[in-house]
Amino acid sequence: MNDTSIAATLATLFGELINGAPRDPSYMLNTGDAGLLGSLDKISASDASRIHAGGASIAAHVDHLRYGLSLMNQWRSGVANPWARADWTMSWRKTSVSNDEWKQLRTGLRDETHQWLDTLGAARELDETQLTYMMASIAHLAYHLGAIRQMDRVIRGPSAEEEVATKLASVRS
């Protein structure tokens, strides 16, 4: 597999998680899923601030993702080891947000995800460590998307049954 194919694959998978799966084929989410960013836009600051089992809020998960992706973006911009001075506990402290803070947090996450998506989609020679970091970022985001959706079922994506029903309806029309 060449560098261009790897970059395209990484960008497709990450892009689907953040921007959704509007059409077939989909790889990570059911077709019609809004993805992480679209899902977060559906909930209020007060819903994002609610503490759930395990002591985390959706806002905390979002800040954690934003922070982690900011480190990945620093790494790709040439910072040798941004993780050396990273404070992961800080990313979990944002448990409660006002309406303005929730909007800023979502905007920050959107900016970091799109910057990282551009990085993933750019073909380049990668060593094993670099490729592992990139692949892990996709799995990490998928984990948090699932955790967030368990915390607030309003933002779940379409079920497999709903996906099939939508496909059948489009075939019939």
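The values are calculated or read from the model by the stated rules, or taken from the named source; none is laboratory data. Treat the numbers as computed from the prediction; the structure is a model and nothing was measured. Ideal geometry is used to build each Cβ from the backbone, glycine not excepted, and the neighbour counts take in all protein chains shown. Ligands, DNA and RNA are excluded from the accessible area calculation, which covers all protein heavy atoms including side chains. Shrake-Rupley method; radii C 1.70, N 1.55, O 1.52, S 1.80 Å.
Only helices enter this figure: runs of n ≥ 4 DSSP H residues, each worth -39500 (n - 2.57), summed and divided by the residues of the chain, yield -20500 deg cm²/dmol at 222 nm to the nearest 500.
Phi angles of region 80-86 translate, via the Karplus equation with coefficients 6.51, -1.76, 1.60 and θ = phi - 60°, into HN-Hα couplings of 4, 8, x, 6, 4, 10, 5 Hz per residue; Gly and Pro are given as x. Put simply, the amide H of Asp33, placed in the peptide plane, has neighbours under 5 Å in Ala21, leaving out anything fewer than 5 places away on its chain.
Rolling a 1.4 Å probe over the protein heavy atoms gives region 36-135 an accessible area of 51 Å² per residue.
Rounded to the nearest 0.05, what FRET efficiency do Ala139 and Ser46 have when you use their Cβ-Cβ distance and R0 = 35 Å? Once rounded, the FRET efficiency stands at 0.70.
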